[in-house]
């Protein structure tokens with residue numbers, strides 16, 4: 001059924017209606033005459049490549065962007081929010097892709113951020129806050145002590161806790177930007193159960209995601225953006241991933257679709273000794289007795305659900321965490337990596353799952369790219385000309401858009417920021433490149449760009465380790481895969497045909 005037929009049958013005005021919305025930044029159009037409609041009691045998926053305009057439109061709804069052309073209606077009444085506070089007052093809440101948790105506060109303080117319960121004396125009622133937070137989290141199936149510092153938790157748990165804060169806020173319109181990007185499949189299903197309950201209460205959800213399976217599983221309708229324009233809105237009934245990809249990228253997509261649903265043939269291992277190897281590596285309760293190796297010209301995938309220990313393992317390889325047992329070998333020699341500086345000096349590069357933690361969003365691209373080699377090119381004083389020249393070469397090689405060395409990093413889409421994170425390490429080629437969730441929050445087109453970059457590095461002889469809870473990411477990148485479960489390696493796939501189902505079953 002066409003969306004307009006379905007909507008007109010209800011007789012009520014849409015919960016949200018945007019008409020002819022346009023928005024520009026510095027003369028560059030981010031939205032061009034966009035229309036969008038959200039019904040009451042509807043989960044509406046929103047998809048499109050990085051930079052298509054999805055987040056810009058949602059930030060207009062959330063009151064973050066206040067200057068734009070066009071009209072915005074809530075329940076049939078035209079509004080124009082002048083601040084995020086106005087949007088909140090109208091019953092709209094948004095969970096951004098980059099989390100807004102306060103890492104030094106407790107879980108309970110984050111759940112009740114800005115609305116702490118008070119006792120009769122006007123002071124914060126700490127027991128009530130801890131009790132209320134525990135109840136809200138239990139409704140999402142989250143078993144965590146509300147008194148813990150939230151920054152000590154894995155990023156996936158942090159994401160669920162922020163979702164809990166918004167879902168139980170009573171907002172009538174909830175915007176979720178990449179809500180499943182750090183969640184394992186069981187946690188995704190747990191979240192979907194909650195979203196269906198919220199929908200049954202008559203509230204409306206905009207679900208932005210690059211996970212096309214998630215869009216089709218949870219959404220009643222889907223809208224596709226491309227290059228700042230509305231392409232199509234359609235009921236999710238009767239459509240599939242091929243249909244979505246075709247409308248998203250407007251070009252051949254057979255290669256992209258392969259990692260989503262097809263069988264992947266793993267090649268035979270390259271010859272030669274391992275560049276990096278671990279023997280019996282253990283760290284606290286996170287992982288134990290992990291032994292593996294990776295050779296030059298090989299991409300090793302480390303796959304597992306969130307919390308299986310793979311993220312802590314990656315940090316240990318880069319000297320961020322000190323192993324309790326076991327050792328690391330580089331080119332056949334045992335190395336003790338006491339910190340990240342020693343890991344870098346040994347030839348190990350690490351791109352973490354959180355881009356925000358390693359990039360400077362208010363600085364231009366060239367400074368983000370050149371920062372890892374400043375001591376080589378600027379012994380006594382800075383040399384911006386050399387920095388820009390170095391950055392320009394990487395911008396062109398990695399197809400970073402826009403291709404301007406002076407563009408502020410924060411103005412780039414998530415996929416292009418990830419390319420900048422890669423470029424930062426490629427200014428001085430490492431021996432081992434460790435990528436933690438390298439395609440998190442990316443659309444299929446941007447993922448394809450990262451796949452090509454990583455394969456090119458592999459073909460140049462680099463040893464690459466990809467750590468991810470996304471089976472599609474591992475399938476599209478890895479030549480060999482080890483699966484971690486509850487902190488241990490439980491399966492290895494090499495020189496055989498594998499699929500997403502096999503990875504999920506092993507994990």
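The values are calculated or read from the model by the stated rules, or taken from the named source; none is laboratory data. What you see is a predicted model; the values in this text were computed from it and never measured. All Cβ positions, glycine included, derive from the backbone under ideal geometry; neighbour counts span all protein chains shown.
Can we say residue 94 is surrounded by 23 or more Cβ atoms within 10 Å (Cβ to Cβ), under 23 Å from the mean Cα position of the chain (by Cα) and closer than 21 Å to residue 136 by Cα? Step through it out loud before you land on a result.
Working: surrounded by 23 or more Cβ atoms within 10 Å (Cβ to Cβ): yes; under 23 Å from the mean Cα position of the chain (by Cα): yes; closer than 21 Å to residue 136 by Cα: yes.
Against the criterion (surrounded by 23 or more Cβ atoms within 10 Å (Cβ to Cβ), under 23 Å from the mean Cα position of the chain (by Cα) and closer than 21 Å to residue 136 by Cα), residue 94 qualifies.
Taking the condition of being outside any loop (DSSP other than H, G, I, E, B), touching a residue at least 40 places away in the same chain (Cβ under 8 Å) and surrounded by fewer than 22 Cβ atoms within 10 Å (Cβ to Cβ), how many residues in segment 174-190 meet it? Qualifying residue count, segment 174-190: 3.
Scanning segment 412-452 for residues being in contact with a strand residue (DSSP E or B) (Cβ under 7 Å, 6 or more places away or on another chain) and either closer than 18 Å to residue 54 by Cα or part of a loop (DSSP other than H, G, I, E, B) (or both) gives a total of 4. Name the pairs whose Cβ atoms lie under 8 Å apart, with the first residue in segment 106-117 and farther than 15 Å from residue 144 by Cα, the second at pLDDT below 90 and assigned to a loop (DSSP other than H, G, I, E, B), and 6 or more positions between them or separate chains? Listed pairs, sorted by first residue: 113/102. The sole residue among 482, 450, 467 that is in the same structural domain as residue 309 (by TED's automatic domain parsing), within 19 Å of the chain's Cα centre (by Cα) and touching a residue at least 60 places away in the same chain (Cβ under 8 Å) is 467.
When 204, 169 are checked against the criterion of being touching a strand residue (DSSP E or B) at 6+ places or on another chain (Cβ under 6 Å), in contact (Cβ under 8 Å) with a residue 12 or more places away in the chain and farther than 24 Å from residue 225 by Cβ, a single residue qualifies: 169. Within segment 323-340, the residues that satisfy the criterion of being outside any loop (DSSP other than H, G, I, E, B) and either in contact (Cβ under 8 Å) with a residue 12 or more places away in the chain or not assigned by TED's automatic domain parsing to the domain that holds residue 296 (or both) are 325, 326, 327, 328, 329, 330, 340. Here segment 142-155 is the region considered, the condition is being assigned to a helix (DSSP H, G or I) and out of contact with any helix residue (DSSP H, G or I) (no Cβ under 7 Å at 6 or more places or on another chain), and the residue that is surrounded by the fewest Cβ atoms within 10 Å (Cβ to Cβ) is 152.
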